[in-house]
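Chemist: Below is the structure I would like to discuss, written out as structure tokens.
The values are calculated or read from the model by the stated rules, or taken from the named source; none is laboratory data. Just so it is clear, the model here is predicted, and its values are computed rather than measured. Every residue, glycine among them, receives a Cβ derived from its backbone with ideal geometry; neighbour counts consider all protein chains shown.
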Amino acid sequence: MSKLSRNWIEGGLRAARVVAVLGAAAWFSGCAPLLVGGAAVGGAMVFSDRRTSGTQIEDQSIEVKAANRAREVLGERGHVNFTSYNRTLLITGEVPSEDDRTNVERAVAGVENLRAVVNELGVLGNSALTSRSSDAIITSKVKATFVDAKDLHSNAFKVVTERGTVYLMGRVTEREAARATELARGVGGVEKVVRVFEILTESELANLQTAK
């Protein structure tokens with residue numbers, strides 16, 4: 001079986017593993033738009049994704065449920081994003097206090113089918129719209145870099161950027177993880193790269209591709 005790897009570059013990643021659920025939604029101060037990097041369910045994206053179609057749907061459900069639970073805890077406070085990949089839920093954004101940070105994690109831990117939670121919430125004021133726009137541009141550039149790379153399967157990665165920190169998610173080999181990290185670090189505006197990967201062996205990847 002593959003193991004979950006949470007490696008980090010140029011900084012520390014505090015991760016808490018919990019039994020729970022997965023999904024993909026963003027929540028900005030009471031609003032709940034869909035978070036960047038959400039997988040399309042249907043068409044070619046489903047078949048090139050290394051998750052099953054059922055897991056992709058499950059991930060979307062986890063994100064929506066997590067956003068709803070966080071809203072109940074925070075009300076109009078904070079700017080919180082949820083990204084789920086293969087039932088591992090990444091939480092990013094900003095909240096006013098350490099208690100809020102802890103309460104959000106506790107609230108989402110009960111979501112059905114969740115496998116692990118990585119809590120990367122910052123305790124500080126909400127990021128400015130200019131910062132979020134810059135993050136969106138960085139995400140697009142990182143994705144484009146992966147597409148241009150001839151030695152990477154770009155659809156195997158989910159990219160999230162928060163305050164200049166790029167989070168990389170996916171089911172990948174150590175070789176792919178190292179290459180993606182190298183490429184992301186070379187993109188302008190990237191301050192740090194955090195790896196939230198589920199690591200596969202080369203043989204596991206070969207079996208997965210054969211099954212597809």
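Chemist: With the structure loaded, tell me whether L129 is of a type in the set (A, V, I, L, M, F, W, C) and surrounded by 20 or more Cβ atoms within 10 Å (Cβ to Cβ) or whether it fails that test.
Modeler: no
Chemist: Another question about this same structure. What residue, among those in region 73-87 that are surrounded by 24 or more Cβ atoms within 10 Å (Cβ to Cβ) and β-branched (V, I, T), is farthest from the chain's Cα centre (by Cα)?
Modeler: Of everything passing the filter in region 73-87, V80 is farthest from the chain's Cα centre (by Cα).
Chemist: Given the criterion within 30 Å of V95 (Cα to Cα) and touching a Phe, Trp or Tyr at 6+ places or on another chain (Cβ under 8 Å), identify the matching residue among V142, V196. Don't jump to the end; show me each part of the working.
Modeler: Details: V142 fails: touching a Phe, Trp or Tyr at 6+ places or on another chain (Cβ under 8 Å).
Among V142, V196, only V196 is within 30 Å of V95 (Cα to Cα) and touching a Phe, Trp or Tyr at 6+ places or on another chain (Cβ under 8 Å).
Chemist: Could you list all residues from region 188-199 that are in contact with a helix residue (DSSP H, G or I) (Cβ under 9 Å, 6 or more places away or on another chain) and either surrounded by 21 or more Cβ atoms within 10 Å (Cβ to Cβ) or in a helix (DSSP H, G or I) (or both)?
Modeler: The answer is V193, R195, F197.
Chemist: Can we say S48 is modelled with pLDDT of 95 or more and not charged (D, E, K, R)?
Modeler: So S48 does not fit the description; no.
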